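Take a look at the structure below.
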Amino acid sequence: MMAELGGPQPADRMPDKVRRDVAEAAADLAWIQMIVPDPAGPADPADPAQVAGNVVIWTHELAGTPISEIGWMVLPEYQGRGYAKRAVRQLLARARDERRWGEVHAFPGVGNAASNGVCRSVGFRLLGPTDTEYAGQTLRTNHWAIDPAADLVT
Ligand SMILES: CC(C)(COP(=O)(O)OP(=O)(O)OC[C@H]1O[C@@H](n2cnc3c(N)ncnc32)[C@H](O)[C@@H]1OP(=O)(O)O)[C@@H](O)C(=O)NCCC(=O)NCCS
């Protein structure tokens, strides 16, 4: 899961990370959405065992300028079935419909074929390679951007 993100992060940092994520989601500062493959099915969609992954939009500063960024993850047993693509499309369609977030950026690792595939499929423009700080490490990434109102491929 973390191969393209600089490797696993220390487990003891996760409770604080989850607390901050919950606070940001509750305050509507970030959209942190779980991918539930079949919420209408017999399984309980609130059961973590039913969650295939997540897709998230948040804002942060890049070289002193605030930007909106989107990121995603799909657990290995659910990969390769189009979940990331569908989830990213759905969240960007909501951003478009609610006129929220403006232009949205993504920074997949240059070698992350599936993530770069997601960007290409949903209509992001490739701006080029760049170095990105993630969890205290510098990663070689591709910089993609999309204006959901104009570019989203549905
Ligand atoms: C990246 C990730 C989210 C992709 O999720 P997924 O649900 O398997 O992706 P999808 O099935 O929606 O496929 C998306 C696109 O990538 C392509 N793809 C999927 N797996 C691929 C692979 N291993 N190699 C090349 N292309 C691949 C698909 O064909 C599709 O492209 P298409 O529209 O041209 O057919 C998932 O692999 C993951 O969570 N990896 C670990 C964490 C991570 O790297 N997160 C992203 C950080 S930027």
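Details
- Most simply put, the chain has about 95% antiparallel DSSP beta bridges, counting only bridges with both residues inside it.
- Between ALA23, ALA63, ALA95, the residue with the greatest mean-square fluctuation in the GNM of the chain (Cα pairs under 10 Å linked by springs) is ALA63.
- Choice from MET73, MET14, MET34 with maximal GNM fluctuation in the chain (Cα, 10 Å cutoff): MET14
- Taking 0.36 nm per residue of separation and subtracting the current Cα-Cα distance, fully stretching the chain between ASP12 and ASP97 would add 26.8 nm.
- When both region 12-26 and region 70-121 are represented by their alpha-carbon centers, they are found 21 Å apart.
- In the chain, the alpha-carbon atoms span a convex hull of 133 Å³ per residue.
- Label sites at THR138 and VAL22, each approximated as a point 7 angstrom past Cα along Cα to Cβ, lie 3.7 nm apart.
- For region 1-41, the square roots a ≥ b ≥ c of the C-alpha gyration tensor eigenvalues yield an a/c of 1.5 or more together with a/b not exceeding b/c, which makes the shape oblate.
- Charged-residue dipole, Cβ positions (Lys, Arg, Asp, Glu), the chain about Cα centre, Debye nearest 20: 380
- A DSSP coil position with no more than 15 other Cβ atoms inside 10 Å describes the following GluC sites (Glu not before Pro) in region 56-127: GLU98, GLU103.
- Classification of region 75-154 by its C-alpha gyration tensor yields an oblate form. The axis ratio a/c (a ≥ b ≥ c) is 1.5 or more, and b/c is at least a/b.
- Loop trypsin sites (Lys or Arg not before Pro), region 65-123, which have at most 11 other Cβ atoms in a 10 Å radius of their Cβ (DSSP): ARG99
- Tensor-based shape of region 60-108 (alpha-carbon gyration tensor, a/c under 1.5 rounded, otherwise prolate or oblate): oblate
A short reminder: the numbers here are calculations on the coordinates, not readings from a lab. From a predicted model like this one, the values you see are computed outputs, not experimental measurements. A quick note on method: Cβ atoms are made from the backbone with ideal geometry, for glycine too, and the neighbour counts reach across all protein chains shown.
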